[in-house]
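The values are calculated or read from the model by the stated rules, or taken from the named source; none is laboratory data. Computed from a predicted structure; not experimentally measured. Note that we place each Cβ from the backbone using ideal geometry, even for glycine, and neighbour counts take in every protein chain shown. We work out accessible area using only protein heavy atoms, side chains counted, and drop any ligands, DNA or RNA first. Shrake-Rupley method; radii C 1.70, N 1.55, O 1.52, S 1.80 Å.
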Amino acid sequence: MSDGAAARLLLEHDQVTEIVRDGDRLTLTLALGRKLEADTVVLAMGNLPPAAPPAVGIETLPAGAYAADPWDSAALEDLDAEAPVLLLGTGLTMVDVAIDLEARGHRGPILALSRRGLAPRRHEGPPHVASQRPPPVHTSLSRRVAAFRARANEGDWRIAVDDVRPAAQALWRAAGEAERRRFLRHLRPWWDVHRHRMAPQIADWLERHPRLSIAAGRLQRVAFEDDRVRVDWRPRGAAVEATVRVARIINCSGVGADLRRTRDPLVRHLVDSGCARLDPLSLGLDIDAQGRVLDAAGHADGTLWAVGPITRGALWEITAVPDIRAQVAEVAANLSR
């Protein structure tokens, strides 16, 4: 960045809670009360915290019994070293939290719970260069899955996954809403654990962890009793519920994937005011092909743009740095025009 460009860059350590149109300009309200004006706003919000699980009683737990944001430093503070802990989710966020717990000297039992109990797979070998065999785009989801399985059966399944990666956005764009819903309902958990893998050293550590249990099931209800959280959950495929008592529940279900349940004040305000709308699957904000945010009526005036995970509904694969970098460059070019 040149000295001139750096001089024009102003960094504000605050949170935007509202964006309101005022004639041809946008007025931004910050959490500390200040207001800023802009001609154009680009929403580059990163990953939103996970939404609260739909379990009876989760909202009644006292402070310290439920950690809604696993990336908040307070999520693991003031926790007894021997205390049992429940982690909601079994993906990479769960792995990160489990590692952090051990680094802090935690020695109590840990139960990691998700609907299918799937943990990230192990990554092995050097980085793979995608082959010249991209998956078929303009075919049915069933045919694409069959082609993927055939490719995986030829050798290392990791190569099949990495071959899909460069075409992931094209595959998502080519799919209709019904196919996207089928993918989310049936295939997404399997794609996630094979796409977002663990380094071999981390996989070895997870397999040897003496106090971590990974289970498949669904949270039913929680209640605070005798300085512990009573957790009733139903193991997958079982007719009888199980019960555990833990000192803290930590939501490790990953990035906020259903914006209908988000507590982010800016997103809620934009949608409630009609300045933006959710995409049909509620994965993010609805945008057009250029990256402009669509309002409640489906129009875009070019004053509000979005990049990154908040545009997942339009692109799906938009969490890795290379994907976001390409999207940012495209939006920057559109803005400059």
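Observations on the model:
- Amide H contacts of Glu18 (H built 1.01 Å from N, under 5 Å, at least 5 apart or other chain): Thr29
- Computed over the stretch 11-120, the P(r) tail beyond 19 angstrom holds 60 percent of alpha carbon pairs.
- Here's how it looks for Val42: its modeled amide H is under 5 Å from those of Trp305, which are all 5 or more places away or on a different chain.
- Charge sum, other residues only, whose C-beta stays under 14 Å from Gly105's C-beta, Lys/Arg counted +1 and Asp/Glu -1: -3
- Cα gyration tensor, the chain - rounded (a/c under 1.5), prolate or oblate: oblate
- Assigned charges on the beta-carbon of Lys, Arg, Asp, Glu; the stretch 1-156 dipole about Cα centre (debye): 1140 debye
- Förster-model FRET efficiency, 30 Å R0, Leu30 and Val56, C-beta, rounded to 0.05: 0.25
- Label zone at Ala74, where the point sits 7 Å out along the Cα-to-Cβ direction: the stretch 261-285 residues whose backbone N lies under 18 Å: 263-265
- Ranked by the mean number of other Cβ atoms within 10 Å per residue, highest first, peptides 159-165, 101-107, 249-255 order as 249-255, 159-165, 101-107.
- Counting DSSP beta bridges with both ends in the chain, the antiparallel % (nearest 5): 55 percent
- Accessible surface for the chain, divided over its residues, is 54 Å² per residue with a 1.4 Å probe.
- The Cα center of the stretch 305-328 and the Cα center of the stretch 7-45 differ in position by 21 Å.
- Estimated distance in nm for a label pair at His299 and Thr139, the labels positioned 7 Å out from Cα along Cα-to-Cβ: 4.3 nm
- The stretch 222-236 - phi-based ³J(HN,Hα) in whole Hz, Karplus 6.51/-1.76/1.60, Gly and Pro as x: 9, 7, 8, 9, 6, 6, 9, 9, 7, 10, 9, 9, 10, x, 4
- Rounded, prolate or oblate (a/c below 1.5 giving rounded, otherwise prolate when a/b exceeds b/c) for the stretch 174-314 by Cα gyration tensor: prolate
- Cut-off 14 Å (backbone N to label point 7 Å along Cα→Cβ of Arg188), residues of the stretch 250-294: 253-262, 279-285
- Cβ-Cβ distance of Asp227 and Arg104, R₀ of 30 Å, FRET efficiency by 1/(1 + (r/R0)^6): the value works out to about 0.90.
- Per atom type, the stretch 221-337 shows carbon and sulfur on 50% of its accessible surface, probed at 1.4 Å.
- Of all accessible heavy-atom area on the stretch 38-125, the percent that carbon and sulfur account for (1.4 Å): 51 percent
- Computed over the chain, the per-residue total of -39500 (n - 2.57) for DSSP H runs of n ≥ 4 gives a 222 nm mean residue ellipticity of -8000 deg cm²/dmol, rounded to 500.
- Protection proxy ranking, peptides 29-39, 266-276, 142-152, average beta carbon neighbours within 10 Å, highest first: 266-276, 142-152, 29-39
- Extension gain, Ala152 to Leu9: 0.36 nm times the residue separation minus the Cα-Cα distance gives 46.7 nm.
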